[in-house]
1. Determine, yes or no, whether SER394 is within 30 Å of HIS308 (Cβ to Cβ), touching a Phe, Trp or Tyr at 6+ places or on another chain (Cβ under 8 Å) and not assigned by TED's automatic domain parsing to the domain that holds SER229.
2. Working only within region 325-361, note down all residues that are polar (S, T, N, Q) and either surrounded by 15 or more Cβ atoms within 10 Å (Cβ to Cβ) or part of a loop (DSSP other than H, G, I, E, B) (or both).
3. Criterion first (assigned to a loop (DSSP other than H, G, I, E, B), acidic (Asp, Glu) and within 16 Å of the ligand (Cβ to nearest atom)) does ASP266 satisfy it?
4. Check region 125-132 and report whether any residue there is over 24 Å from the mean Cα position of the chain (by Cα), buried (at least 17 other Cβ atoms within 10 Å of the Cβ), within 15 Å of the ligand (Cβ to nearest atom) and not in a strand (DSSP E or B).
5. For ASP146, state whether it is touching a residue at least 12 places away in the same chain (Cβ under 8 Å), in contact with a His (Cβ under 9 Å, 6 or more places away or on another chain) and not in a strand (DSSP E or B).
6. Does region 35-70 hold any residues that are within 12 Å of the ligand (Cβ to nearest atom) and surrounded by 21 or more Cβ atoms within 10 Å (Cβ to Cβ), and which are they?
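The values are calculated or read from the model by the stated rules, or taken from the named source; none is laboratory data. All values derive from a computational prediction rather than experimental measurement. Here the Cβ is made from the backbone with ideal geometry for all residues, glycine too, and neighbour counts use every protein chain on show.
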Amino acid sequence: MDNPYKMSYHIEPPQGLMNDPNGFIQFKGTYYFFHQWNRFQMDHSYKEWGLFISQDMVHWESRGSALLPDREEDGHGIHSGSSIEHDGKMYLFYTGSKKDNGIRKSHQCIAISENGHTFIKQRECIHTPGGFTEHHRDPKVWRGKDNWWMLVGAQKSDLAGAVALYSSHGLLHWNYERVLYDQDLDQVCECPDLFRLGGETDILVCCPQKRFWTEDASGKREEVSSYASYIPGVFQEERMSFSPAQPRKLLDCGFDFYSPQTFLDDKGRRIMAGWMSRMDDAQEALCPTRDFGYIHCLTLPRVLTWEHGMLHQRPIEEVFGLRHDARAYSEPKGRFSAQNGQFELCLLRKDPHQPLSLSLRSHTVYITYCPKAQILEIGRKNWANGEMQIRKLSLDALSKLQIFSDNSSAEIFVNDGEAVFSMRYFTQEENLQIVYEGLQQGEYLEYFAL
Ligand code: FRU
């Protein structure tokens, strides 16, 4: 059976379940994207690190398993983490998870690779310090002025989310320093990250998570809420402090974006990709790719910059190398068929204060901009119940739209990456119609097959 949802330029697992991106690095010229992987089943009962490699972050080669849960400290799961290069070696930092008789234990563990093929686990590991519960995970390591730093996503003993800071000189032994940040992080902070953009702004990424009970006609059940956010501010190394300069914001305004990770590549680009499948339970249970033995995927890598006090996210330029069969539409309104589900649409507006509407794949996804209300609205058909789900963004002008579709995903970049909406969508293969309205004189809606 042909798989109409299969991605062409996004990473998805050959089988089983994929979640967080892990250990992003460009090592000796090759891009390494590790990821959380249950290669046996399409659920979260088992986790190891899988690996994809690439020369351009658009064409990927699956390398199978990289780290397996086979030690005392990590026997119940190799959870998320990061990697760095030092003295020609790749160092991987991950959370080893253990659960005996329902009691959770977490260790931050280390593996080293000289060749990118074999990853040798080290004996040293971090035990959770006092003041925290065992929800201590997802180490992110980077080089500071005089030492290495590590952030760990945490839960304090009072059951509030926090980001813990560690330091090290030799990468194998780590000192717990302090709580770096703990404002409104729900019950656990997952997948923290910290990096500098544009010379003087530090971006702290936090993914707050909480569990709560809901009740409806079908009874009481526990739900999880989590989202990816960032705070622009200043990290002072000497004082080991983070001072926010702006309120916390969502990293992505769409439906299925979570646990992003960033790295710096050889070109000096700060690149981020996330898990593009943070679905609710019903959507995960009914995800149509289950019929083909796998679920979930990662987003397209994006380049992050800080411009005029704002975070911008743009697709990596390598994706433009996939463009072929360009077409341009200039009628005020129209409809046309995409060749298949892999395409890019681009619209640069002459007048950013005019209304616009656009719908993709026979109205599976739509975008409308209302300049009067200054609202950008994005809708996506929920495959679990057939209803439209809606996200709204307050926007005083719409100057540019760039959309990347890949058979069962859409990533919508607004105003040159001032906002991004990422989502999965599922529709029949033959639903290829694109409908638009609101082009002004001199505006072109460009289409590229990818
Ligand atoms: C986030 C997360 C991480 C954890 C991993 C386990 O999605 O819960 O905190 O390390 O997934 O797969």
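1. No.
2. The answer is SER330, GLN339, ASN340, GLN342, GLN354, SER357, SER359.
3. Against the criterion (assigned to a loop (DSSP other than H, G, I, E, B), acidic (Asp, Glu) and within 16 Å of the ligand (Cβ to nearest atom)), ASP266 does not qualify.
4. yes
5. In short, yes.
6. Result: HIS35, GLN36, TRP37, ASN38, LYS47, GLU48, TRP49, GLY50.
For (1) closer than 30 Å to HIS44 by Cβ; (2) assigned to a strand (DSSP E or B); (3) of a type outside the set (Val, Ile, Thr), each residue gets a yes or a no:
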site	(1), (2), (3)
CYS191	yes, yes, yes
PHE195	yes, yes, yes
ASP202	no, yes, yes
ARG221	yes, yes, yes
VAL224	yes, yes, no
ILE231	yes, yes, no
GLN246	no, no, yes
ASP252	yes, no, yes
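This table checks each residue for (1) within 16 Å of VAL234 (Cβ to Cβ); (2) in contact (Cβ under 8 Å) with a residue 60 or more places away in the chain; (3) within 13 Å of the ligand (Cβ to nearest atom).
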{"residue": "MET150", "(1), (2), (3)": "no, no, no"}
{"residue": "ASP158", "(1), (2), (3)": "no, no, no"}
{"residue": "ALA164", "(1), (2), (3)": "no, no, no"}
{"residue": "LEU172", "(1), (2), (3)": "no, yes, no"}
{"residue": "LEU185", "(1), (2), (3)": "no, no, yes"}
{"residue": "ARG196", "(1), (2), (3)": "yes, no, no"}
{"residue": "PHE212", "(1), (2), (3)": "no, no, no"}
